[in-house]
Each structure stands twice: as C-alpha cells, then as structure tokens.
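One structure below.
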Amino acid sequence: RQISDAAIKSLAGARTVNLGCTQVSDEGIKALAGPVRTIDLRGCKLSDQGIKALAGVSKINLAEFVNLSDGAIKALAGVHTIDLSGCWQLSNNAINALAGVHTIRLSKCPMLSDVAALAGVHTIDLSECRRVSNESIMALAGVHTIYLRECRQLSDGAIKALAGVHTIDLSGCTQLSNGAIKALAGAHTVYLRRCRQLSDEAIKALVGAHTIGLFDCGHQISEEAIAMIRLAGTRIER
C-alpha cells in the first residue's frame, strides 16, 4: 500500500517506525531523518538517496530490497543492526563497508562469496549463502552467534575454526563430519537439522550444551545417545 509523504512526515520525531511492504518516497524517508533510531523498510523500494538518508539510524531492516547499490550500503557504515536478507544483488564490496556492525542478517544473498570483512561482528546470518567460501568463514573465528543454514559448500575446516562459538546453526550443511561437530564442544546452542551424515560420536561431544537441534538427522544417531544427552540436562529439539 502507498503512504503519502504527508503521512510519513507526521511521524517526525518517532524513534521507531515500521513501514515494511509499503510504497514510500525518498522525500518521505528524508523527513524521518534525525530522531528515528529503528526503521523497518522490508520490501520497500527507494533510490540510493533515500537509503543514504538513513545514515545514523541504529537498527535498519532492508530485507528483500531489489535495488540496493553498494554506494547506498556504504552510506550506512556505523549502523548497529541491519537486515539485508533476500537482497540478492549485494556484493562483497557492500559488505566490506559494514565492518564493525554488531548484528547483520544476510540470508539468501547468493552473490556473496567473501565475508571476511565481518570478522569481529557479534551476530551473523549467512543462511542459504551458498557461494560463501570456507576461507572467509574461517576469518570469522570468535563470532558469538552465526547462522549457516543450508550452506552445503562448507567443509570441516571452516567449522572447526569457529570453536568457542556460543550459538551456531548448521542445519542442512551436509558435508560436515563428526570431527567438525566435535570441535564445537562447549557451545551453548547447536542446530544440526537434516545433517544425516552425523553419528553418536558427534552428538556425545556436545554433552553440556543447552540446546541441540536434531530434526530429521537420519538413523545414525541412536536413541541411547540422545537419552544420555538429555540426562546431562541438554534440551533436544526434534
């Protein structure tokens, strides 16, 4: 639905604005610049000038934008939290400009291959980014929370480099062996849904975790191993 500039200007002074899936103009967005700290523009369409007007906003949702340029993203350097999920045209150069962000969501961004610039970021979502290289994942050692769902290209070496992670989603990462999962011992939360290649050896290494996701993991993981994990206090999601 379309929202007039006058209606948007009436929101001037608001600190949180949700305009997701609406038709808004660059001028309307510019009118919000300043006080707004959190803005949801999921599925909207703006020019570079409209996006650049968001410089200084703390939390921005631009998921499913279809016309984001690298230049517009670079203007958002310094943002705390940004959602760029489904922005299929995003390049490595755009991501480089966001180094230092606290939380970034990049699921379903198929052009991304090198995300090493995100080293030091607290929370990263790269789900379904199937071109991201093992080498750039290794550069993310020390990340607190990372989502790598359906990143089927990743190998054991990339995951082993993430030892010490707090929360990790490896659902659908079908190339990983028991050895990669054993390296995650001590993690708080590990999701392994649809990882049918894993066995009891991997699961037992995660004893002490708070939560393990094991939905659709095949028959190599025994009920005995799951019972042992549960007795240790781990929550099993199946």
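The values are calculated or read from the model by the stated rules, or taken from the named source; none is laboratory data. Because the structure is predicted, anything quoted here is derived from the model rather than measured. Virtual Cβ from ideal backbone geometry, glycine too; neighbours counted across all protein chains shown. We work out accessible area using only protein heavy atoms, side chains counted, and drop any ligands, DNA or RNA first. Shrake-Rupley method; radii C 1.70, N 1.55, O 1.52, S 1.80 Å.
Hey, what do the phi angles of segment 132-148 turn into as Karplus ³J(HN,Hα) couplings, whole Hz, using 6.51/-1.76/1.60 and θ = phi - 60°, x for Gly and Pro?
Each residue of segment 132-148 in turn: 4, 7, 4, 4, 6, 5, 4, 5, 8, 3, x, 4, 7, 9, 9, 10, 10 Hz.
State the label only: which of (1) 26.6; (2) 19.0; (3) 18.3 corresponds to Kirkwood radius over Cα pairs in Å computed from the shown model?
Checking each listed value against the structure points to (2).
Can you classify segment 1-107 as rounded, prolate or oblate using the Cα gyration tensor, where a ≥ b ≥ c are the square roots of its eigenvalues, rounded means a/c under 1.5, and otherwise it's prolate if a/b beats b/c and oblate if not?
Numbers: a/c = 1.86, a/b = 1.46, b/c = 1.27.
It comes out prolate by the Cα gyration axes.
Whole-Hz ³J(HN,Hα) for each residue in segment 59-74, computed from phi via Karplus 6.51 cos²θ - 1.76 cosθ + 1.60 with θ = phi - 60°, x for glycine and proline: what do you get?
So the J values, rounded to whole Hz, are 10, 10, 10, 10, 4, 6, 5, 10, 9, 6, 9, 4, x, 5, 5, 4.
With a 1.4 Å probe and all protein chains left in place, how much of the accessible area of the chain comes from carbon and sulfur atoms, in whole percent? Working shown, then result.
Numbers: 5090 of 10230 Å².
For the chain, the apolar C and S fraction of the accessible surface comes to 50 percent.
Let me spell out the model: positive unit charges on the Cβ of Lys and Arg, negative unit charges on the Cβ of Asp and Glu, origin at the Cα centre of segment 128-238. What dipole size does that give, in debye rounded to 20?
The calculation lands at about 140 debye.
Beyond a 26 Å Cα-Cα separation, which of these cross-linked pairs lie in this structure: K59/K182; K108/K182; K160/K204; K74/K108; K45/K108? Can you show the working numbers first?
Numbers: K59/K182 35 Å; K108/K182 28 Å; K160/K204 17 Å; K74/K108 20 Å; K45/K108 18 Å.
Those over the limit are K59/K182; K108/K182.
Give me, ordered by chain and number, the residues 5 or more places off S47 or on other chains with an amide H under 5 Å from its own placed amide H.
D26
Once you charge only the Cβ atoms, +1 for Lys and Arg and -1 for Asp and Glu, what is the size of the charge dipole of the chain about its Cα centre, to the nearest 20 debye?
Values: 25 positive and 21 negative charges, 70 e Å.
My answer is approximately 340 debye.
Taking only protein heavy atoms and a 1.4 Å probe, what accessible area per residue, in Å², does the chain have with all protein chains in place? Intermediate results must be reported in sequence, preceding the final value.
Working: 10230 Å² over 238 residues.
Each residue of the chain exposes 43 Å² on average to a 1.4 Å probe.
Treating only the Cβ atoms of Lys and Arg (+1) and Asp and Glu (-1) as charged, compute the dipole magnitude of segment 128-189 about its Cα centre; round to the nearest 20 debye. Working shown, then result.
Working: 6 positive and 5 negative charges, 13 e Å.
The dipole of segment 128-189 has a size of about 60 debye.
Quick one: grab the alpha carbon gyration tensor of segment 145-233, order the square roots of its eigenvalues as a ≥ b ≥ c, and give me rounded if a/c is under 1.5, else prolate or oblate depending on whether a/b is larger than b/c.
Because a/c hits 1.5 or more and a/b fails to exceed b/c, segment 145-233 counts as oblate.
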